[in-house]
Each structure stands twice: as structure tokens, then as C-alpha cells.
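Worksheet: the structure to be examined is printed underneath.
We did not get these values from a lab; they are worked out from the coordinates using the rules stated. What you see is a predicted model, and the numbers here were worked out from it, not measured in a lab. With ideal geometry, Cβ positions are generated from the backbone for all residues, glycine too; neighbour counts draw on all protein chains shown.
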Amino acid sequence: MDHENPQSDAAEPANDGHSLEEESSGLRKIIHVDMDAFFASVEQRDNPELRGKPVAVGGAGGRGVVAAASYEARKFGVRSAMPSVTAKRLCPDLIFCKSHFETYREVSQQIRAIFRHFTPHVEPLSLDEAYLDVSDDLRGIGSATRIAQLIRKRIQEETQLTASAGVSYNKFLAKLASDQNKPDGLCVIRPGEGAAFVAALPVRRFHGIGPKGAEKMARLGIETGADLAAKDIKFLRSNFGSFADYLFRAARGIDLRPVRANRIRKSVGGERTFNEDISSGAALRDTLERIVDIVWERIENAKAEGRTITLKMKFNDFTQVTRARSLPRNVTDKDEFRSIGRALLEEMLPLPMPIRLMGLTLSNLAGSNTDGSGEKAAGPGRDVAQLSLL
Amino acid sequence: MKATIERATLLRCLSHVQSVVERRNTIPILSNVLIDADAGGSLKVMATDLDLQVTENMAAASVEMPGAITVSAHLLFDIARKLPEGSQVSLETADNRMAVKAGRSRFSLPTLPRDDFPVIVEGDLPTSFELPAKTLAELIDRTRFAISTEETRYYLNGIFLHVSDEDQPVLRAAATDGHRLARFTLPRPDGAEGMPDVIVPRKAVAELRKLLEESLDANVQIDLSASKIRFTMGGEGGVVLTSKLIDGTFPDYSRVIPTGNDKLLRIDPRSFYEAVDRVATIATEKTRAVKMSLETDKVTLSVSSPDNGTAAEELAADYGSDGFEIGFNANYLKDILGQIDGDTAELHLADAGAPTLIRKDDKSQALYVLMPMRV
């Protein structure tokens with residue numbers, strides 16, 4: 001459920017051990033909190049009949065996918081984002097239930113209020129997980145580990161749900177740590193332990209390395225963090241391009257990204273997957289109309305102003321194309337938004353083959369930083385050489 | 001409204017309130033001052049930025065017609081500044097305009113209705129005490145330089161005031177930006193017992209300090225709740241500054257004040273300041289660090305910059321512990337040394353990575369903690 005891109009905002013890695021030193025000073029204390037099987041746990045909490053049973057939240061039929069699976073379901077290999085049909089095959093007793101996003105949002109508000117009790121530096125990644133920078137111990141609790149324990153306790157008390165937490169000195173390690181003892185677990189990676197922790201880890205556990213990435217790494221003889229750390233930056237750059245810098249640092253347990261309490265939204269959009277592929281002009285226009293309604297409502301809710309509109313289509317062979325248009329000024333109203341979306345669609349007609357998904361996005365938002373340099377301003381002034389009091 | 005007022009009185013009053021008004025405002029009325037003439041012959045002038053408001057009463061030469069109106073603060077201030085000394089200024093409203101007349105000058109300024117002017121609702125201010133203006137001014141001077149300007153850490157963007165029971169009850173002011181900390185302690189004034197911990201925002205601190213400068217021999221009345229604070233200077237008819245407080249938790253700073261630092265350096269703060277300032281000439285924006293090498297009764301300051309070369313200076317000092325090296329941000333060091341008057345400053349050091357405690361002596365009301373830089 002984490003859509004951040006770890007490579008986009010990392011700083012340039014040093015070509016010697018210098019950056020290691022910067023990190024090992026351990027100035028920061030970061031906690032990553034992740035609710036355990038969030039949607040499924042909420043459903044089990046609110047419907048006692050589901051407790052102890054394999055539960056999946058999501059649509060059961062046709063092209064439904066599993067949005068979340070309970071731990072009972074995970075034993076059968078059911079995973080989120082898996083097609084429901086596959087899940088049902090793996091676990092014939094799997095109970096599908098409808099999602100209740102209103103409830104998830106309410107719980108999300110509850111846990112965020114708990115986070116904010118301890119620090120204003122909360123970076124939510126989704127409804128059920130967040131990074132917290134507790135370098136400033138505002139409540140005088142004494143240690144980040146103790147704060148993480150208190151947070152887990154309060155979440156349990158106030159929501160009757162469990163969360164796992166990871167504590168470390170950067171975001172990358174904190175996230176790995178929260179995953180370590182799931183569910184209902186806590187793991188601490190102390191300064192100096194990061195590199196060793198990462199070394200033993202299969203690369204698949206690294207945030208940003210999916211099945212395909214892991215496959216490619218396996219072909220290059222990289223199975224673990226240690227294997228990755230053994231490769232030099234040149235090798236990584238020639239094989240992984242811009243992803244190399246992130247990998248280089250990750251393999252050493254280094255991550256200088258700050259916790260950003262006010263992440264700047266870069267786009268607002270939405271997309272739909274259809275029950276049946278569509279190709280006729282009339283059906284496409286109808287669909288676009290519905291997507292415009294949904295997305296424009298989101299734009300209004302977010303009070304977003306932007307000047308680039310992007311139309312995305314995924315064909316039934318899973319290839320995808322996008323068409324975008326930028327205005328010299330912000331899009332002013334829904335009619336303009338609709339007519340540009342429509343124009344983008346007309347340009348692409350007739351389609352070479354039916355599509356399974358259509359999406360529309362407004363980006364280039366006013367006040368957002370398109371070059372990603374918002375980073376510097378957001379960093380809490382932690383000069384590398386200047387030591388911190390708090 | 002129609003009133004006449006001496007130019008000097010008007011100017012002094014506007015100079016007090018106009019700096020509250022931001023130069024750029026998205027809400028037009030926030031560019032204005034409220035002028036309220038009452039039948040008793042006094043004129044109330046008020047300015048606000050929604051978080052902070054300053055009100056001053058001044059005696060008018062005459063009030064011909066009571067009433068209230070708002071008009072651009074900066075325009076009226078600039079006009080008052082340029083009018084000839086000793087002139088009588090007449091202010092009169094008609095048809096959504098305010099006519100300003102003095103001698104042969106005539107101005108007609110646009111106005112906005114007084115009812116649109118936002119006034120901070122003070123609510124109940126249960127804690128009340130008085131402080132000599134001089135004491136309050138010193139409290140501000142000794143701490144404000146350490147206030148953080150980093151907006152993400154908004155809870156550090158002000159001076160933290162709280163009472164505490166040490167050997168005797170005290171009122172404490174503290175400010176920190178995470179690199180240095182300044183704390184000022186005074187005996188708890190009557191009426192301050194049980195007061196909530198509050199953080200007074202930077203802008204309120206700056207405006208208050210300016211206002212104090214004009215009444216340093218008087219007392220200041222302070223009234224506060226957990227969300228608002230009001231400073232009254234010059235009693236009835238004086239200046240009143242009301243500010244919202246920062247809604248946040250100030251870190252428990254007492255734990256960063258070192259108690260066991262065993263290396264004591266005694267040094268003349270002025271010559272130390274000047275030497276730091278001299279060697280820091282070499283320091284660039286990136287390398288603001290000044291290295292201090294401590295040996296028996298001697299401190300050597302040095303700076304080296306890849307671009308600008310090197311600098312070094314030796315100073316006599318009183319030091320008897322083991323020699324070692326430590327680095328500090330030159331500006332931070334100067335900020336603190338600049339606060340210490342007298343012939344000696346005490347630096348209590350532990351090691352190159354630990355907070356250093358700086359003060360005049362163990363009786364001084366002000367205490368500073370400075371975190372080193374790695375050099």
C-alpha cells in the first residue's frame with residue numbers, strides 16, 4: 001500500500017565510506033507503524049463471525065482483486081493485489097467481504113491522532129501506515145522504542161486492532177523493522193546494526209524491489225543485501241540506471257530521506273478497470289464521463305489546482321499508453337477538465353485493441369515541486385556536522 | 001468620526017502598531033488600522049495580523065464627532081511621518097473616505113468599515129502577574145536569538161514560559177532551535193503560580209521588545225491563559241499587545257542541560273568573541289565551524305576553508321583539565337558570548353560530541369547550552 005518512490009528523493013551517494021559516517025551518527029529516531037492486515041482485521045473486528053477464518057476484502061467475482069487478506073488467509077498463500085479467482089483456488093474456504101472504506105478512514109484518523117500525540121512529524125503513507133520522526137522527544141518519554149511501545153498499546157486500546165512497529169535511525173530500516181516481527185510485533189534496529197541487518201536480508205524484502213527486480217538481481221547473482229553491497233556503484237548504475245543510487249545506499253542501510261509531515265501532493269487522479277474490455281467510441285466516452293465525475297470530485301476535495309491532464313489506457317494485452325496535455329495556466333473548471341479529457345480520448349480513436357482500464361489525472365499542481373527539490377526545505381535543518389541537542 | 005490630534009502623538013502611536021501589519025495581505029482589512037474616537041477625547045488605534053494585535057490609546061487634541069473607521073496602516077503612517085513637525089492633524093470620515101488634513105496638505109484615503117475589523121477574542125485570562133519592563137526586556141534579549149525559524153518545528157518558534165519549583169519558585173523562559181538553548185530564570189512573580197506552560201510566538205516577542213524599549217522604567221502587566229497572552233504597558237491609556245500562543249508542546253529541555261561537565265574553561269567573553277569573529281572571516285557558508293584546541297591556560301582557535309585558506313589565533317584563558325579539541329558554529333558561539341557581560345564567561349565542557357554549558361557564573365540568571373560541530 002506504499003506508493004512512494006524511494007529512489008526519487010534520495011541524495012547523491014558518496015563514492016567512499018563518507019556517507020556511512022553521516023548516517024552512523026544516528027541523529028534521527030524514526031518509527032514506522034503498520035497496521036496488521038488492516039482492512040481484513042477491521043472486518044474481523046466488526047463481524048465476530050469472521051474471526052479466526054480466512055477473510056479477503058475485495059470483489060469475489062470476475063476481475064476482482066484481493067485488497068487485503070487476513071493472516072488466516074495468508075497461510076494459504078493469499079496475498080493482497082492477487083486476483084480473487086486465484087485466491088479462491090488457493091484457499092477454497094476463503095470468505096470475501098465488501099470493503100468499508102468509511103470505517104477504514106475513521107480508524108485511520110484515530111491512529112493518526114495517536115501518532116500526533118507523540119510528534120507532529122508524521123508522514124502517512126496510506127490509511128494504515130506512517131513514518132514518525134521522534135528525534136525530538138516532545139513528551140520526554142525517554143526512548144523511541146518506548147514511544148513505539150506506547151503507540152502500539154494505545155492503538156490496541158483505542159481501536160481493538162494490532163499494529164507492528166519498526167524503530168531505527170532512518171525510514172528504510174524502520175520499514176524493514178516493522179515487517180520483521182509481524183503481526184503485533186516490534187523490532188528495533190539500533191545505530192551500527194543497520195548494515196548487518198540488511199546484509200542478511202533477501203533483496204526481495206527491500207522496498208522498491210518487486211518480483212521482476214528480484215528476478216533480474218538473481219540473474220546477476222544478487223540474492224541478499226550482502227550480495228548487493230558487494231557490487232560497486234558503477235555496476236549498479238549500468239544495470240539499474242537511476243535506481244542504482246538507492247540500491248547502493250539501501251545495501252548499506254543508509255537512507256537520508258527526511259520524514260515529511262506535509263508531503264506535497266503531485267497529482268490527483270483516478271482510474272477504473274472494467275468488468276469487460278471495451279473498445280466502442282460510445283462506451284469509451286461514457287466511461288470517461290464517469291471518471292471525470294469521480295476525479296473532479298477528488299480535485300475539489302483536495303482543493304488542487306493543476307495544469308496538466310493525462311489520460312491513461314491499458315489494453316487487454318496489458319500494454320499501456322498515456323496522452324497528456326498541459327495548459328499555460330491551471331484548469332479552471334470541470335467543463336474544461338472534461339473537454340480536454342475528451343479531446344485526448346478522441347485523438348486516440350480508433351483504438352488498436354480493446355482496453356481494460358482507463359484513468360485520468362491532473363498534475364503539475366500549483367505549489368508542488370516538480371523537480372522534487374522540496375526536499376531541502378523540508379529537512380529539519382540537520383547540518384551534517386552540527387550536532388543536535390534534542 | 002472627526003478628531004484632531006498632534007502629529008507627534010499620532011506618529012508615535014502608528015509607529016507602535018504599524019509593524020504588526022504585514023506588508024502583503026490577502027485579506028484587505030488586515031492592511032488597515034482601526035481608529036476609534038470616543039467622546040471622552042481619546043483615540044484608540046488598533047492593528048492585527050489575526051495572531052497578534054496591538055492597541056494603543058492616545059489623547060486627542062479634540063474629538064468633534066465620536067466614531068470608528070479603518071484605514072491603510074502603512075499609508076497613514078507614511079503620511080504622518082512626512083507631515084511637518086508640530087502640525088495638528090485632522091481626521092474626518094465621510095462617504096467611505098477618510099480625509100486627513102494638516103496645514104495645507106489634504107489626503108483622502110479609502111476606508112473599510114470597523115465592523116469588518118477582526119478582533120482577537122481574549123477569553124478568560126486567569127493568570128495575572130507583573131514584571132518590571134527591564135526584566136522582561138532582559139528575558140527576551142537573553143533568549144530570543146535561540147528561537148528556531150524552522151517552520152516544521154513550529155513548537156520551537158517562540159519563547160517557552162513556565163513556572164517551576166526549584167529551591168525556590170521560579171519563572172523560566174527558554175528558547176531553542178535544536179542546536180543551542182537559552183534559558184533565563186527569575187523568581188516567580190506573585191500571581192504566576194499555577195500558570196499554564198505557554199510558547200509566545202517569535203513575532204509577538206519582537207513587537208513586545210520594541211514596545212518595551214519606550215517604557216523601560218515601568219511595570220508590565222501580563223495576563224494569560226493556555227491559548228492567549230496579553231501584555232499591558234503604561235497602564236490605562238497605554239499600549240496593549242495581545243497574542244495567540246503557539247499550540248504545541250515544547251520539548252522537555254531540562255534533560256539536555258548538562259550537569260556533569262567536568263572541564264571548566266574561564267575566559268574573557270569579549271576578547272573570545274572578537275577572536276572567534278576574526279578567525280571566522282575565513283569560514284564560508286559551508287564551513288562555519290571554528291575549532292577550539294584547549295591546553296593548560298590556553299585556547300587556540302582555528303578555521304580552515306578549502307576556498308579561503310586558514311586562520312588561527314591564540315587566547316589566554318583559565319583551563320586546567322586535559323587538553324582536547326572541539327568545534328562550534330562560529331555564529332552560535334558569538335550569539336551566546338554577546339549575551340555575557342563582565343570579564344569572565346564559564347564554559348563547562350565534556351567532550352567534542354557533548355553539549356557545552358555556557359554562563360557568566362553560577363549566579364547568573366541566563367544559561368546557555370551549545371551543541372558542538374564535528375570538525
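On C-alpha positions alone, give me the angle between the axis of helix A:334-348 and the longest principal axis of chain A, in degrees, nearest 10. Computed tilt is about 80 degrees. Over 22 Å between Cα atoms, which of B:LYS210/B:LYS244; A:LYS153/A:LYS175; A:LYS175/A:LYS303; A:LYS29/A:LYS216 qualify? Too far apart for the 22 Å limit: A:LYS175/A:LYS303; A:LYS29/A:LYS216. The distance between label points at B:GLU22 and B:ARG278 comes to 4.5 nm (points 7 Å beyond Cα on the Cα→Cβ vector).
Taking the C-alpha atoms only, the angle from helix A:171-180 to the longest principal axis of chain A is near 90 degrees.
Sorted from longest to shortest, the spans of the Cα atoms of segment A:38-99 along the three principal axes equal 27, 21, 16 Å.
Taken one residue at a time, the phi angles of segment B:156-172 give Karplus couplings (6.51, -1.76, 1.60, θ = phi - 60°) of 9, 7, x, 9, 8, 10, 8, 9, 8, 9, 8, 4, 9, x, 10, 10, 10 Hz. Gly and Pro are set to x. Footprinting exposure proxy ranking of A:CYS97, A:CYS187, fewest other C-beta atoms within 10 angstrom first, gives A:CYS97, A:CYS187. Cross-link partners of B:LYS228 among aspartates and glutamates, defined as those whose alpha carbon lies under 18 angstrom from its own and excluding same-chain residues fewer than eight positions apart: B:ASP49, B:ASP51, B:GLU122, B:ASP124, B:GLU130, B:GLU193, B:ASP197, B:GLU207, B:ASP247.
In this rough spin-label picture, where each label sits 7 Å from Cα along the Cβ direction, the B:ARG266-A:LYS75 distance is 7.5 nm.
Residues in segment B:328-339 carry Karplus couplings, in order, of 9, 5, 4, 5, 4, 5, 5, 3, 6, 4, x, 8 Hz; the curve used is 6.51 cos²θ - 1.76 cosθ + 1.60 with θ = phi - 60°, and Gly or Pro positions show x. Taking label points 7 Å from Cα along the Cα-to-Cβ direction, B:GLU325 and A:LEU327 give a separation of 6.1 nm. Of all lysines in the structure, the ones whose alpha carbon falls short of 22 Å from that of B:LYS2, not counting any fewer than 8 places away in one chain, are B:LYS44, B:LYS82, B:LYS101. Estimated purely from DSSP H runs of n ≥ 4, each contributing -39500 (n - 2.57), the mean residue ellipticity at 222 nm for the protein assembly as shown is -8000 deg cm²/dmol once divided by its residues. Basic side chains Lys and Arg get +1 at the Cβ, acidic Asp and Glu get -1 at the Cβ, and with that the dipole of the protein assembly as shown about its Cα centre reaches some 2640 debye. Taking a ≥ b ≥ c as the square roots of the Cα gyration tensor eigenvalues, the protein assembly as shown comes out oblate, since a/c reaches at least 1.5 and a/b does not exceed b/c. Let me have the relative contact order for segment A:38-99, percent, based on Cα pairs under 8 Å that are six or more residues apart. Result for segment A:38-99 is 35 percent.
Each Lys and Arg contributes +1 and each Asp and Glu -1, all at the Cβ; summed about the Cα centre of segment B:257-370, the dipole is approximately 280 debye.
Straight-line cross-link partners of A:LYS314 among the aspartates and glutamates, defined as a Cα under 14 Å from its Cα and at least 8 positions apart when in the same chain: A:GLU271, A:GLU276, A:ASP277.
For a paramagnetic label modelled on B:ASP351 (point 7 Å from Cα along Cα→Cβ), amide N atoms under 19 Å away belong, within segment B:244-266, to B:256-265.
Here A:HIS100, A:HIS32, B:HIS162 are placed in order of increasing Cβ neighbour count within 10 Å, fewest first, which gives A:HIS100, B:HIS162, A:HIS32. What is the local net charge at B:LYS360, summed over the other residues whose Cβ is closer than 10 Å to its Cβ (Lys, Arg +1; Asp, Glu -1)? Taking every other residue near B:LYS360 into account, the sum is -3. Our note on the geometry: Cα centres of segment B:158-227 and segment B:251-285, 24 Å apart. Helix A:101-118: angle to the longest alpha-carbon principal axis of chain A, degrees 0 to 90, nearest 10? So the helix axis and the longest Cα principal axis differ by about 30 degrees. Sorting B:THR344, A:THR308 from the fewest to the most surrounding beta carbons within 10 angstrom yields B:THR344, A:THR308. Averaging the sequence gap over all C-alpha pairs within less than 8 Å and six or more residues apart, then dividing by the number of residues, gives segment A:206-274 a relative contact order of 21 percent.
With θ taken as phi - 60° and the Karplus curve 6.51 cos²θ - 1.76 cosθ + 1.60 applied, the whole-hertz 3J(HN,Hα) list for segment B:173-180 is 10, 9, 9, 8, 10, x, 10, 9 Hz, x standing for glycine and proline. Residues whose amide H falls under 5 Å from that of B:GLY238, counting only those 5 or more places apart or on a different chain, are B:ASN57, with hydrogens built in the peptide plane. Given +1 at the Cβ of Lys and Arg, -1 at the Cβ of Asp and Glu and no other charges, the dipole of chain A around its Cα centre is 380 debye to the nearest 20.
Mean separation of Cα pairs under 8 Å and 6 or more residues apart, divided by the residue count, gives chain A a relative contact order of 16 percent.
The alpha carbon centroids of segment A:167-188 and segment B:39-93 are separated by 62 Å.
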